[in-house]
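As structure tokens, the structure follows; a few thoughts come after it.
The values are calculated or read from the model by the stated rules, or taken from the named source; none is laboratory data. Computed from a predicted structure; not experimentally measured. For neighbour counting, all protein chains shown are included, and Cβ atoms are generated from backbone atoms with ideal geometry for every residue, glycine included. These accessible areas exclude ligands, DNA and RNA; they are computed on the full protein's heavy atoms, side chains included. Shrake-Rupley method; radii C 1.70, N 1.55, O 1.52, S 1.80 Å.
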Amino acid sequence: MAALTGLERVSGGSARPRVWRGVVFLLGAAYFLIPLGASFWYTVYTPVEGVSLSAYGELLTADGFVRSLLLSLGLAAATIVLVLLLSLPAMLAVRLFAPRLGLVMEVLCTLPLVVPPITFVAGMGTSLRVGTDVLAPTPFWGTIIAVQDPGFPVVLVLAYVVLVLPFVYRSLDAGLRTMDVRTLVEAARNLGASWPQVLFRVVVPNLRSALASASFLTLALVLGEYTVASLLGYAPFAVWIVTVSGSEGQLSVAVSILSLLLIWLLLLAVSTVFGREKQK
């Protein structure tokens, strides 16, 4: 009877995926945890001193650690705000008023994926040098100098906005596809809501997951970005780690491990904030 009803095959089929899930989970955990464990062991063990946490104790007193970390966090926050303020209203406008331009916008937003970062930063460097010379006799010279201020290089924020644009576009596009934007906007407008109210009180609350995903990707990319910042002559956190690794190997690996933990904690904090707002 059991064979006729197929109950035995169902129970056997459900057990097999569980085994494969466990195997895949163990392989994935080993892939991530073994390099981390080896790196941590390298930072705490030396043949002469044995096990010691001195490399982690030197972090806070290391020259440039706090300054570079705060600079990267500030650049990440500015990049998240700017890219969302630019991309979300533009995507809404295209969906509501010019849906035929959707393909054009998709191509433009994903274009940075096919441009090598080295080519991108070479073009930026040339443009900044030429722009400084061309704008020298004009009132805009001070502006192009200000955006290159080493204390907070706005030019890096602009570059990061371009680099993260494909990932932000994909995240927001996936979120917009799950909701009827036109109906929500028309209903809110018919009830007397202004466009800012429509954006921040109707659309944004329905895009929490997409906004959180876009923020995750932007934060991770900015904190780990090296090529653009290094070639333009700035020293955020990733560049500082590479600089320190030339003279103090254990310290640089300890900083890398702590930066990874810091990114995880920040992502967890952002996820918790968005999750609590979603439950309200």
**Study point:** Criterion: touching a residue at least 40 places away in the same chain (Cβ under 8 Å), closer than 30 Å to Trp195 by Cβ and out of contact with any strand residue (DSSP E or B) (no Cβ under 9 Å at 6 or more places or on another chain) - qualifying residue of Leu113, Leu75
**Key:** Leu75
Practice item. Return a yes/no flag: does the range 78-100 have any residue that is over 25 Å from Leu163 (Cβ atoms), at pLDDT 80 or above and not hydrophobic (A, V, I, L, M, F, W, C). Key: yes
Exercise for review: Output yes when any residue across the range 228-247 is at pLDDT below 80, hydroxyl-bearing (Ser, Thr, Tyr) and under 28 Å from Pro116 (Cα atoms), and no when none is.
Suggested key: yes
Practice item. Residues that are touching a helix residue (DSSP H, G or I) at 6+ places or on another chain (Cβ under 9 Å), polar (S, T, N, Q) and touching a residue at least 12 places away in the same chain (Cβ under 8 Å): find the helices (runs of 4 or more DSSP H) completely inside the range 141-247 holding 2 or more of those. Key: 208-224, 227-231
Check your understanding: Within the set of pairs 6 or more residues apart or between chains, which connect a residue that is within 25 Å of Pro112 (Cβ to Cβ) inside the range 124-137 to a residue that is not hydrophobic (A, V, I, L, M, F, W, C) with Cβ atoms less than 7 Å apart?
Key -> Leu128/Gln148
Practice item. For the range 255-265, state whether one or more residues are at pLDDT 75 or above, in a helix (DSSP H, G or I) and within 15 Å of Asp63 (Cβ to Cβ). Key: yes
Review point. Limited to the range 249-263, what total is found for residues that are open to solvent by 60 Å² or more (accessible area, probe 1.4 Å) and without any contact (Cβ under 8 Å) to a residue 12 or more places away in the chain?
Key: 1
Practice item. Scan the range 36-72 for residues that are aliphatic (A, V, I, L, M) and in contact (Cβ under 8 Å) with a residue 40 or more places away in the chain and jot them down. Key: Leu36, Ala55, Leu59, Ala62, Leu69, Leu71
Study note, to complete from the structure: Matching residues in the range 108-122 (closer than 26 Å to Val185 by Cα and open to solvent by 80 Å² or more (accessible area, probe 1.4 Å)) number 1
Exercise for review: State the number of residues belonging to the range 123-140 that are at pLDDT 85 or above, open to solvent by 40 Å² or more (accessible area, probe 1.4 Å) and small (Gly, Ala, Ser).
Suggested key: 1
Check your understanding: From the list Thr272, Thr227, which residue is more than 21 Å from Gly64 (Cβ to Cβ) and hydroxyl-bearing (Ser, Thr, Tyr)?
Key -> Thr272
